[in-house]
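Novice: There's a structure below that I have some questions on.
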Amino acid sequence: MNTSSYPAYKDSKSEWMGAIPTDWGEEPIKHAVTLVNGAVFKPDSWSESGVPIVRIENLNGGESYNYCDHFVSPRYHLHKGDLVFAWSGNRGTSFGPFIWDRDGLYYLNQHIFKVVEHNFDDRWLYWTMKALTHHVEEKAHGIIGMVHITKGELGEIRIPKIDRHEQTAIANFLDRETAKIDTLIDKQRQLIKLLEEKRQAVISHAVTKGLNPDVRMKDSGVEWLGEVPEHWDMKRLKHIIATLESGTSVNAEDTPASDGHIGVLKTSCVYTREFRGDENKTVFEYEITRVKCPVRAGQIIISRMNTPDLVGAAAYVDREYEGIYLPDRLWQTCFTDERNQDANYIALYMGISGFRDQISIYAEGASGSMRSIAKEDFLNLPVLLPPSEEQAHIAREVEVRLRTLDNARHNGRRQIELLHERRTALISAAVTGKIDVRNAV
């Protein structure tokens, strides 16, 4: 990639653009395009079939649709190639432009603008709106995570005014260069997936076969377990866990609690099967008296309600977390005899595929995207138990064996973060003229 700067710059009237090339113009979005908000589809107007209704989650790849079987004005029709802009939701995930890439007719839901009646290169306009999305998120307002920007506020944001030839050059450059970055990101994700598979294999073998290859084995009587060490026992979780305690749902702002403040865990704290205490939200002061069930070191945190692949996700709490509490969607273990059980080993066992399959049998829910498991069903699940000293030895040895894999996973995730940062900076630089890409090679 070979780029340079423009010969000279001038200050723009826009905070997000900053300085722009001297021969560029600028104008408010409202003077450049028409924004059509999606239609309001109330639940009582949904049907089992008909035309799919596109919501923000569908823009992000979600496959679950509501349907409408009655006439809707063409104003709200969505076709392949249409440019839309999501203007409501959670910062960092919901906002921003999308080019709809599916064949057929769809209807556009509220909270999404369709961008029409303009004379721009569609791809340049997409990249420009991508670059200003962070600015939009900063201007958004609302409560408890769900924020929005009005049509008037979005319309006042200024964008560059340049000739069509230069728009196309910028769009071609960003199409090409972001595709290269996306390829690198995909490769890192593939590497992380392989490392996670290797990690799972290490854990699964250790907690079902043990560490001694010469130990005498016996038939477990469980098809997916096969043979297990002869001296190991099979028990129900209810025989080693006295109770599963949980917290309460409280209102909180979507930022982690700082020292001296009270936080409530997000369910994402156990997504990776490694406890992440920083995945919490700061509880509003008027709600502090309602929090209960503080996080305790040496216990296991379990997600009782989540998506099908995450319900029952569990993680071991390896240290104290002062001022952090559980919500109602998470459980925390209380063992019958902590001297004879190693919580770290049991958390490892709860993460293997065979145990996860047992959870999926009992998990229920009216929605295909959300499942929950009853406390009684969870506690009735079987767990394979070595003697307590061997449990602790396995947990320590697994930790050692996973260290290299986990370091590689961490490096891979960091590379992805850096690539995303590079991608964002490149888009901003190109559409605001900080780099001249007209003759970029």
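Novice: What are the lysines whose alpha-carbon lies under 24 Å from the alpha-carbon of K198, with same-chain residues fewer than 8 places away excluded?
Specialist: K187, K209
Novice: What lysines sit close enough to K151 to cross-link, taking a C-alpha to C-alpha distance under 20 Å and skipping anything fewer than 8 places away on the same chain?
Specialist: K13, K30, K114, K130, K139
Novice: Are there trypsin sites (Lys or Arg not before Pro) in region 179-222 that DSSP puts in a loop and that have at most 15 other Cβ atoms within 10 Å, and which ones?
Specialist: Answer by residue number: R216.
Novice: Sorted by mean Cβ packing within 10 Å, highest first, what order do the peptides 154-166, 7-19, 338-350 take?
Specialist: 338-350, 154-166, 7-19
Novice: Work out the length of the dipole vector of region 233-385 about its Cα centre, built from +1 on the beta-carbon of each Lys and Arg and -1 on the beta-carbon of each Asp and Glu, and round it to the nearest 20 debye.
Specialist: 400 debye
Novice: List C68, C334, C293 from most exposed to least, where exposure is judged by having the fewest other Cβ atoms within 10 Å.
Specialist: By the 10 Å Cβ count, ascending: C334, C293, C68.
Novice: Using a 10 Å cut-off on Cβ atoms, rank the peptides 273-279, 106-112 from the highest mean neighbour count down.
Specialist: 106-112, 273-279
Novice: Give a residue-ordered list of calculated ³J(HN,Hα) values for region 84-99 (Karplus: 6.51 cos²θ - 1.76 cosθ + 1.60, θ = phi - 60°; whole Hz; x for Gly, Pro).
Specialist: Working through the residues one at a time gives 10, 9, 7, 10, 8, x, 9, 4, x, 10, 9, 6, x, x, 9, 9 Hz.
Novice: Something else now. Radius of gyration and Dmax for region 233-385's Cα atoms, expressed in Å?
Specialist: 15.1, 49
Novice: Taking other Cβ within 10 Å of each residue's Cβ, how do R236, R55 sort, fewest first?
Specialist: Exposure proxy ranking, most exposed first: R236, R55.
Novice: Give, rounded to the nearest 20 debye, the magnitude of the charge dipole that region 25-161 has about its Cα centre when Lys and Arg contribute +1 at Cβ and Asp and Glu contribute -1 at Cβ.
Specialist: Dipole of region 25-161, to the nearest 20 debye: 240 debye.
Novice: Among S428, A392, N411, flag the residue with its Cα farthest along the positive direction of the charge dipole of region 383-441, charges on Cβ as +1 for Lys/Arg and -1 for Asp/Glu.
Specialist: S428
Novice: Helix 353-362 against the longest principal axis of the chain: what's the angle in degrees, Cα atoms only, rounded to the nearest 10?
Specialist: For helix 353-362, the angle is close to 80 degrees.
Novice: Less than 21 Å apart at the alpha-carbon level, and either on another chain or at least 8 residues along: which lysines does that give for K10?
Specialist: K161, K434
Values quoted throughout were computed directly from the atomic coordinates according to the rules given, and no laboratory measurement underlies them. What you see is a predicted model, and the numbers here were worked out from it, not measured in a lab. Heads up, the Cβs are rebuilt from the backbone with ideal geometry, glycines too, and the neighbour counts pull from every protein chain shown.
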